[in-house]
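First the structure, in the form of structure tokens, and then the observations on it.
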Amino acid sequence: MIASDDLNSQRFYHGTKADLKSGDLIVPGYHSNFGKRKKATYVYLTATLDAATWGAELALGEGSGKIYIVEPTGPIEDDPNLTDKKYPGNPTKSYRSRNPLRVTGAVMDWQGHSPEQIKAMKDNLERLRQLGVEAIED
């Protein structure tokens, strides 16, 4: 778990294709954008704009990706999907919570990845799916 003092000094983001507004809550229980798309036990957030950009670009659904500024309403923990063996030490500053995230604003001027980078990431995710590697560990 992350200490509450660390939460107060940190800005967090959530990338998605959902249309949200300030005050909305992002809650667990919806189908995940990744893996087998089972109902997510957690909601995910990051302290880096790059990781939020990937979330916005890779999210399922119609329309363009969006990045929201969020605040956790409860404890958060390192996201083991990215931090255990993939990126030790959590350089992506990726977290998850069983509690809702409150939308406090939106990032309007974010820069997306190149089409080549997005294709490479999607190809890699498909390769992992075919190998039976689950992208989300709840």
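Structure notes:
- Reported count of residues in the stretch 1-39, each being surrounded by 13 or more Cβ atoms within 10 Å (Cβ to Cβ), modelled with pLDDT of 65 or more and either at positive phi or in contact with a His (Cβ under 7 Å, 6 or more places away or on another chain) (or both), is 1.
- Taking each residue of the stretch 57-70 that is among the hydrophobic types (A, V, I, L, M, F, W, C) and looking for partners that are modelled with pLDDT under 90 and surrounded by fewer than 17 Cβ atoms within 10 Å (Cβ to Cβ) with beta-carbon atoms closer than 7 Å, six or more apart or interchain, yields Leu58/Met121.
- Qualifying residue in the stretch 40-49 (condition: more than 15 Å from Arg102 (Cβ to Cβ), out of contact with any Asp or Glu (no Cβ under 7 Å at 6 or more places or on another chain), modelled with pLDDT of 90 or more and among the β-branched types (Val, Ile, Thr)): yes
- Test: Thr92 is among the polar types (S, T, N, Q), surrounded by 14 or more Cβ atoms within 10 Å (Cβ to Cβ), farther than 20 Å from Pro28 by Cα and in contact (Cβ under 8 Å) with a residue 24 or more places away in the chain: yes
- Residue within the stretch 56-72 that is buried (at least 19 other Cβ atoms within 10 Å of the Cβ), farther than 29 Å from Ala120 by Cβ, in contact with a Lys or Arg (Cβ under 9 Å, 6 or more places away or on another chain) and at pLDDT 80 or above present: yes
- For the stretch 79-116, filtering for residues that are in a strand (DSSP E or B) and at pLDDT below 85 leaves 0.
The values are calculated or read from the model by the stated rules, or taken from the named source; none is laboratory data. What you are looking at is a predicted structure, and each value in this text was computed from that prediction instead of being measured. Here Cβ is always computed from backbone atoms with ideal geometry, including for glycine, and neighbour counts include all displayed protein chains.
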